[in-house]
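What follows is a set of notes on a single structure, which appears directly below.
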Amino acid sequence: MSTLPPSVQQTIAPAIVVSGGQLSVTDPAALAGPMMDTLARHAVFGAEDERAWARWIIWEAARAVGIYPASIHGFYMARGRGDVPPVTVPAMNIRGASYDTMRSIFRTSIAMDGGAFILEIARSEIAYTEQRPDEYVSVALAAALREGFRGPVFIQGDHFQVNAKKYKADPTAELDAVKQLVREGIAAGFYNIDLDTSTLVDLAHPTLDAQQQLNYELGVELTRFARALEPKGITVSLGGEIGEVGTENSTVPELEAFMDGYNRTLAAQAPGMVGLSKISVQSGTSHGGVVLADGSIADVALDFQTLEDLSRVARQQYGLSGAVQHGASTLPDGAFNHFPRTETSEIHLATGFQNMLYDHLPAALREAIYTWLRTNAAEERKAGDSDEQFFYKTRKKALGPFKRQLWDLPAEVKTALAKAYDAKFAFLFDQLAVRGTKAGVQRFVTEPAVVRQAPGMAAVVEAAPDDADAGE
């Protein structure tokens, strides 16, 4: 077993005691203090041994006080049955200044008694924000500890997507890359994963089943792969997708073609295996919105009737929680209350939070980022792009290279940004009917904890075999 680094030992003493590979919390109140800020920093920016120990301590300290990564599958199945009121779960992609941003989300959830919300990161975001799954989970749990949150934390791999171009060139290699990410994600605590093979839908085929066939067959293959990796007592919430975001709106017959093919294939290959809990569709949005030459965002013609119809069919015919809407964060404020009304299961929010972050950056840092983009993202500039369009579309690529600077923003900037985030998350939680959902989450999500061994010992030890399987 490796030795606890002195820097980490000094950070946690005397609130946390580590001895013989075991952890005990002697001062729970201290977990919600500055100690956690330092421990989170070790988990992200420390040397290799500091990172490993800090991440293990965060996981085990969270578990000790009743915080744990969990699957939302049970809650979603209850939603599909009508056992919980209509709520649209916000799945929030936190790209930059992640610790402080997540702290705001947990503050909001505590103030509003909300439990039905997801923190997520997509395959592409993991790369350009330089946040691997283990780091992302550690930061999320640290933020929950810092704010005094208790209960399950839903962390999701968003768009674990098969790249169509890479798949065409080498199907095995591309599918293996997605499988490896699924493996890494589940090991880290991503107990919610959106499997996205919708990029392989081929509209050239004459029937809907043929168009969706590769989508649902590979969806089943990835489902079986993910289920084989589940820790004891956890049913990972898996989502499918029937239409690429930013393309034509999805239809009920397309949903039926995908789900019928998926269920038929899964039943033939793995009888009795749990399938999907939700289905992502397209109803008029695009990731990041459409930016105009002056930097403003174009209006979106979102088809709520499509969402309502698809959600109803998903629940009534297939027992899912409903339809999922991607690319929603740049919608006008007046749109959000329509999602619970149409019983949309989940919406994904990302770019809007990134925009708020950039709006609060000191001018000198923003200019440094834009200077970096002029060189390092020049190939992404299209003919006719204004500076505003170019920077808006590419500035997400700077979040990784400037990660430390975004963690180290001046105190006054952090204060102003926290105030803005608190107001935004409170608005979204109210509009999406997240307020008061903690009781429903506690009723239907009782996942057992997963115990991790200290660095240098076995990587993961699953919960005791007699723990109840509450995934259903």
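Read-outs: derived from the displayed coordinates by stated rules, not from any lab. None of the values given here were measured: they were computed from a predicted structure. Cβ coordinates were reconstructed from backbone atoms using ideal geometry, including for glycine residues, and neighbour counts include every protein chain displayed.
How much length, in nm to one decimal, is gained on full extension between Val252 and Ala210, taken as 0.36 nm per residue of separation minus their Cα-Cα distance?
Fully extending the segment from Val252 to Ala210 adds 13.5 nm.
Once you place label points 7 Å from the Cα toward the Cβ at Ala13 and Met356, how far apart are they in nm?
For the pair Ala13/Met356, the computed spacing is 4.0 nm.
Could you line up Tyr128, Tyr191 from fewest to most neighbouring Cβ atoms inside 10 Å?
Tyr128, Tyr191
Rounded if a/c is under 1.5, else prolate if a/b is larger than b/c, else oblate: which is segment 71-215, with a ≥ b ≥ c the root eigenvalues of its Cα gyration tensor? If you can, show how the numbers build up before the last one.
Values: a/c = 2.69, a/b = 1.52, b/c = 1.77.
Oblate, because a/c is 1.5 or more while a/b does not exceed b/c.
Tell me, in nm to one decimal, what length is gained between Asp333 and Gln442 on full extension, where the rule is 0.36 nm per residue of separation less the Cα-Cα distance?
Numbers: separation 109, 0.36 × 109 = 39.24 nm, distance 2.94 nm.
Extra length available between Asp333 and Gln442 comes to 36.3 nm.
In Å and on Cα atoms, what radius of gyration and Dmax does segment 6-66 show?
Gyration radius and largest Cα-Cα distance of segment 6-66: 10.4, 28 Å.
Charges at C-beta only: +1 for Lys and Arg, -1 for Asp and Glu. How large is the resulting dipole of segment 353-420 about its Cα centre, in Debye rounded to 20? Mind showing how you got there, number by number?
Working: 12 positive and 9 negative charges, 48 e Å.
With only Lys, Arg, Asp and Glu charged at Cβ, the dipole is about 240 debye.
Taking θ as phi - 60°, what are the ³J(HN,Hα) couplings along segment 366-375 by the Karplus curve (6.51, -1.76, 1.60), each to the nearest whole Hz, with x for Gly and Pro?
Going residue by residue, I get 4, 5, 4, 5, 5, 5, 4, 5, 4, 8 Hz, with x marking Gly and Pro.
When you count, for each residue, the other Cβ atoms within 10 Å and take the mean per peptide, how do 35-43, 220-228 rank with the highest first?
Highest mean packing first, the order is 35-43, 220-228.
List every residue whose amide H lies under 5 Å from the amide H of Ser280, counting only residues 5 or more places away in sequence or on a different chain, with H placed 1.01 Å from N in the peptide plane.
Gly240, Glu241, Ile242, Val324
List every residue whose amide H lies under 5 Å from the amide H of Val153, counting only residues 5 or more places away in sequence or on a different chain, with H placed 1.01 Å from N in the peptide plane.
Result for Val153 returns Tyr68, Ala70.
Restricting the count to DSSP beta bridges whose residues both fall in the chain, what percent are antiparallel, rounded to a multiple of 5?
Beta bridges within the chain, antiparallel portion: roughly 20 percent.
Between Ala416 and Asn163, how many nm apart are label points set 7 Å from Cα along the C-beta direction?
3.8 nm
When Lys and Arg each count +1 and Asp and Glu each count -1, what net charge do the other residues less than 14 Å away from Ala32, Cβ to Cβ, add up to?
Numbers: positive: Arg103, Arg107, Arg146, Arg150; negative: Asp27, Asp37, Glu147.
For residues surrounding Ala32, the net value is +1.
Amide H neighbours of Val89 under 5 Å, at least 5 residues apart or on other chains, H built in the peptide plane: list them.
Glu346, Ile347
If each residue of separation counts as 0.36 nm, what is the full-extension length gain between Thr172 and Asp260 once their alpha-carbon separation is subtracted?
29.2 nm
May I ask you to derive the FRET efficiency for Arg366 and Thr3 from their Cβ-Cβ distance with R0 = 45 Å, giving the value to the nearest 0.05?
Efficiency for this residue pair is about 0.60.
With r as the distance between the Cβ atoms of Phe225 and Ala378 and R0 = 35 Å, compute the FRET efficiency 1/(1 + (r/R0)^6) and round to 0.05.
Rounded to the nearest 0.05, the efficiency is 0.40.
Once phi is turned into ³J(HN,Hα) by the Karplus curve 6.51 cos²θ - 1.76 cosθ + 1.60 with θ = phi - 60°, what whole-Hz value does each residue of segment 60-76 show in order, with x for glycine and proline?
In residue order, the calculated couplings are 6, 5, 4, 4, 5, 10, x, 10, 7, x, 9, 9, 8, 3, x, 5, 5 Hz.
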